[in-house]
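Reading through the structure tokens given below for one structure.
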Amino acid sequence: MSTIAENLQSGARCLDRLSESPRLDAELLLGKVLDLSRAGLAARCDQPVAAESERAYAALIDRRSKGAPVAYLTGTREFWSLPLQVSPAVLVPRPETELLVELALQRLPQGSCASVLDLGTGSGAIALAIASERPQARIVGIDVSAPALDIAIRNAHALGLSRIEWRSGSWFAPVRGERFDLIVANPPYVADADPALEKLRAEPGIALCAGPKGTDALAAIAAGAAAHLCPGGWLMLEHGSGQAPAVAQLLAHHGFTGIRSHSDFSGKPRVTLGTVHSSH
């Protein structure tokens with residue numbers, strides 16, 4: 001029987017060309033099989049791995065080498081220090097999306113009872129992160145995908161964040177006549193023919209693609225947002241690193257002011273925001 005250390009070594013070697021973090025992937029996958037944390041694996045590195053567990057691990061490494069995201073293989077992904085359930089029904093939450101949460105929290109003082117709308121909520125990552133920091137806020141999460149909403153609801157139950165209201169529908173359709181202090185969205189923003197989609201083929205196309213330029217969803221949200229914001233309310237949109245000027249233009253076209261783009265931890269423009277000063 002091979003040891004934990006030997007299994008990790010061979011797993012990382014198999015993933016070397018495919019993954020940006022082969023060793024981490026190998027640790028997360030073996031940890032899933034053996035029900036051990038990464039620290040637990042390190043502490044037991046000389047321990048032998050049973051044949052059945054080795055086979056299960058080899059199967060996960062094989063699926064990862066064919067492009068399945070680690071989060072789908074383990075069923076979980078951490079976001080804003082919250083453990084979230086994920087499945088192929090939702091986009092895997094990205095670390096750069098935490099910038100959107102940071103910017104939202106800056107405009108929601110501690111103890112705030114403000115209302116927040118999260119469009120295209122997916123796994124619920126953004127809504128749940130905000131709810132965990134601002135428990136008094138009123139939060140509505142919307143998604144057009146019923147399986148995605150199911151994941152978001154399960155995450156809310158598991159984390160004990162029960163104040164969020166989950167609604168099914170496309171963009172603003174489920175909130176007709178309602179206004180919010182803050183609207184946040186990480187909508188699909190990849191162009192239909194973008195070669196990057198090949199690497200993302202395991203993730204749901206509905207959560208990724210948005211027309212020939214990748215701006216269809218961003219444009220739809222920018223067009224409808226002012227009618228759903230309270231005076232002085234903010235719209236915050238995550239977008240592709242090359243889309244900041246286009247998104248800023250969209251916001252200006254629809255009457256937003258105070259428009260600014262913010263860069264993520266790798267220095268790429270990632271979130272553009274603007275405010276409205278009067279009711280539309």
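Quick rundown of the values:
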quantity: Check: the range 149-278 dipole with +1 on Lys, Arg Cβ and -1 on Asp, Glu Cβ, in debye; calculated: 180 debye
quantity: Magnitude of the charge dipole, the range 4-74, Cβ model with Lys/Arg +1 and Asp/Glu -1, debye to 20; calculated: 200 debye
quantity: Under 25 Å between alpha carbons - lysine pairs in the chain that sit 8 or more apart or on different chains; calculated: 6
quantity: Label-point separation in nm, His253 to Ala158, each point 7 Å along Cα→Cβ; calculated: 3.9 nm
quantity: Ascending count of other beta-carbon atoms within 10 Å, so fewest first, for Cys113, Cys209, Cys230; calculated: Cys113, Cys230, Cys209
quantity: Residue order, fewest to most surrounding Cβ atoms within 10 angstrom, among Glu27, Glu165, Glu20, Glu133; calculated: Glu20, Glu165, Glu133, Glu27
quantity: Orientation-averaged projected area, Cα convex hull of the range 83-161 (nm²); calculated: 4.7 nm²
quantity: Lys, Arg +1 and Asp, Glu -1 on Cβ, resulting dipole of the chain about Cα centre, debye, nearest 20; calculated: 280 debye
quantity: Least to most buried among Tyr189, Tyr72 (fewest other Cβ within 10 Å first); calculated: Tyr72, Tyr189
quantity: Gained length - Ser2 relative to Ala202, 0.36 nm times residue gap less alpha-carbon distance; calculated: 68.9 nm
quantity: With Cα atoms, 0 to 90° folded angle of helix 146-159 axis to the chain main axis; calculated: 80 degrees
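Laboratory data are not the source of any read-out in this text; all were calculated from the coordinates shown. Just so it is clear, the structure is predicted and the values come from calculations on it, not from any experiment. A quick note on method: Cβ atoms are made from the backbone with ideal geometry, for glycine too, and the neighbour counts reach across all protein chains shown.
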